[in-house]
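K.L.:
This is the structure I want to talk about, given as structure tokens.
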Amino acid sequence: MRIAVLALQGAFIEHEQMLSRLGVEVFEVRQLADWLQPKDGLIIPGGESTTMTKLLYELGLFDPVKQAIEAGLPVFGTCAGLILLSTLGTMAVEVVRNAYGRQLGSFSVEAPFDFGSQSPASCPLPPAPCPLLMTFIRAPYIRRVLSEDVRVLAEVDGRIVAARQGNQLATAFHPELNDDTRVHEYFLDMCRNKMSSTLCG
């Protein structure tokens with residue numbers, strides 16, 4: 001399995017380190033030539049969403065990334081990555097940027113995360129939401145979902161902070177900044193399922 005990490009700006013190194021811990025091959029996407037490499041999934045990291053969007057356009061990556069996601073490439077967006085999935089128009093969510101303001105710019109909280117049928121062994125059976133430490137840094141949140149295809153995975157104080165739509169996974173928080181690998185494992189399972197369905201198809 002090879003996972004592409006968008007490395008234009010932001011916290012991409014932490015994602016790479018997390019994937020390496022899980023024994024997954026990773027490569028960085030910094031230009032169109034990088035993007036053309038074979039890949040089984042994409043991670044869009046946190047950072048500055050406006051800057052990242054501008055760079056995607058300037059490097060000729062915006063449309064290829066959008067088209068690949070629309071074609072079913074599994075993608076995981078964190079923080080600014082969540083905003084970008086909304087900006088790309090591939091994920092049917094309405095996002096509030098920098099929702100917590102400067103005073104609550106960074107905080108951590110434990111809240112339930114719904115891994116569904118992909119619940120790790122540490123979660124109760126039958127599958128149920130598992131407590132997960134979530135780290136937020138000037139985070140957005142999802143104000144509302146715009147399609148029945150979007151499944152809410154986690155909420156904090158009544159605000160949606162994680163969701164999935166098909167092969168798209170998005171979190172307002174940064175799982176790559178903690179030691180817990182479960183969210184990344186969840187994403188890798190999405191990639192494996194896509195690979196299996198492609199082979200069977």
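K.L.:
Which whole-number percent gives the relative contact order of the chain, counting Cα pairs below 8 Å spaced six or more residues apart?
P.N.:
In percent, rounded to a whole number, it is 20.
K.L.:
Could you tell me which of rounded, prolate or oblate describes region 1-82, using a ≥ b ≥ c as the square roots of the eigenvalues of the alpha-carbon gyration tensor, with rounded for a/c under 1.5 and, failing that, prolate when a/b is larger than b/c and oblate otherwise?
P.N.:
Oblate, since a/c reaches 1.5 and b/c is not below a/b.
K.L.:
A further question on this structure: Report the gain in length on full extension from D149 to D63: 0.36 nm times residue separation, minus Cα-Cα distance, nm rounded to one decimal.
P.N.:
That pair, D149 and D63, stretches by 28.7 nm at full extension.
K.L.:
Hey, another quick one. How large, in Å, is the chain by the Kirkwood hydrodynamic radius built from its alpha-carbon pairs?
P.N.:
About 16.8 Å for the chain.
K.L.:
Quickly rank 171-183, 64-76, 31-43, 5-17 as a protection proxy: mean count of other C-beta atoms within 10 Å, highest first.
P.N.:
Those peptides, ordered most packed to least, come out 171-183, 5-17, 64-76, 31-43.
K.L.:
May I pose another question? Please report the net charge: other residues with Cβ closer than 12 Å to the Cβ of V161, K and R +1, D and E -1.
P.N.:
-1
Read-outs: derived from the displayed coordinates by stated rules, not from any lab. Small disclaimer: the values here were computed from a predicted structure and weren't measured. Here the Cβ is made from the backbone with ideal geometry for all residues, glycine too, and neighbour counts use every protein chain on show.
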